[in-house]
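Colleague: Let me give you the structure first, and then I'll get to my questions.
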Amino acid sequence: MSETPSTPPGVAAVPALVPPGPAGYPPPPFVPRQNGMAVASLVLGILSLTGMSWLTGIPGVILGHLALRQIRASRGAETGESLAMGGLVTGYIGIGLVVLGILIGLVFLLFMVGLVGLAGLSAAAA
């Protein structure tokens, strides 16, 4: 009589190795996803150059910095670093144009006030 080997108490029986079946589909390739904040930063930055800089420049810069932080923390799972950098550059340019426009407006205003004051002094002296 042939005896089957028994397993000692407390030890699990090892199942027989079954050869693997035919291979299925390979896993899908890894495709990093695009960071949405980077895209929004670029869109807002471009809009800041078209005359809407007082509304879109600052949010574009903020989103650009946040997107860069997320992309670097994702370790390759997200892309869009160049989009975020483009949003930062265009956003900062838009903010600079607003500041330049305000300075030019103030200089013009002071120039006009000076001309009015000068005209009042010359009229009083005559």
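Colleague: Name the long-range amide H neighbours of THR79: under 5 Å, sequence gap of 5 or more, or other chain; modelled H, no Pro or chain starts.
Modeller: Amide H neighbours of THR79: ARG33, GLN34, ASN35.
Colleague: State the Kirkwood hydrodynamic radius of region 33-125 in Å, one decimal place, computed from all pairs of distinct Cα atoms. Walk me through the numbers on the way to the answer.
Modeller: Numbers: mean 1/r = 0.0673 Å⁻¹.
The answer is 14.9 Å.
Colleague: When you count, for each residue, the other Cβ atoms within 10 Å and take the mean per peptide, how do 108-119, 36-47, 68-79, 90-101 rank with the highest first?
Modeller: The densest-packed peptide leads the list: 36-47, 90-101, 68-79, 108-119.
Colleague: Hey, rough spin-label estimate for ILE62 and GLU81, points 7 angstrom out along Cα→Cβ, what's it come to in nanometres?
Modeller: 2.6 nm
Bear in mind these aren't lab numbers, they're just calculated from the coordinates by the rules spelled out. Since we're looking at a predicted model, the values are computed, not measured. Cβ coordinates were reconstructed from backbone atoms using ideal geometry, including for glycine residues, and neighbour counts include every protein chain displayed.
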